[in-house]
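Written below as structure tokens is the structure these notes are about.
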Amino acid sequence: VKHVILTSSSLNLLKLFRFVREFFHKDHDIQESIKAVIICNTPPSYDMIQALSDFEDNIHFIVGSIFEKDTLIKADVSHAKAAFIISNQYDDSSMKCDTYALMATKVLRLHNRNLKINVQLVKKDNLIHSWCNW
């Protein structure tokens, strides 16, 4: 099954709902069946499950860390088509969010060299990360 990976340092209901609604919108004319594997540190809340009930056939939650090998294997990152790392601009620490996004990008790239990775950063200054030599 073709799938994409979605993760965030702090996944909230509104952000997740907006992403899923847009990604699976019928105007995108997705020709094939594709699933979204959502990796989060905590189990989805009842409200989250209810809000996403229209998409339950297309999404799968994995509780774990993007930085743990077992989670990456469970999410089948090595065969994923794309990854989306979304940030929460309302989080107390934009540096924490951006650091998570950059490190998650590196981990995903190490496990799938062909993965198309889409990263959302909070601070535009973090777009240039030449300091890390990758």
task = For H79, tell me the accessible area in Å² from a 1.4 Å probe, rounded to the nearest 10.
result = 120
Computed lengthening from H25 to D57, 0.36 nm per intervening residue step minus Cα-Cα distance = 10.1 nm
key: Difference of contour (0.36 nm per residue) and Cα-Cα distance, K2 to R109   = 36.7 nm
task = Would you tell me the accessible area of K96, worked out with a 1.4 angstrom probe on the heavy atoms of the protein chains, in Å² to the nearest 10?
result = 100
task = Take the Cα radius of gyration of the stretch 1-58 and divide it by 2.2 N^0.38 Å, with N its residue count; two decimals is plenty.
result = 1.11
message = Order R21, R109 by their accessible area, 1.4 angstrom probe, all chains in place, largest first.
response = R21, R109
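The values are calculated or read from the model by the stated rules, or taken from the named source; none is laboratory data. Computed from a prediction, not measured in an experiment: that's the story for all the values here. Surface areas here come from the heavy atoms of the whole protein model, side chains and all, with no ligands, DNA or RNA. Shrake-Rupley method; radii C 1.70, N 1.55, O 1.52, S 1.80 Å.
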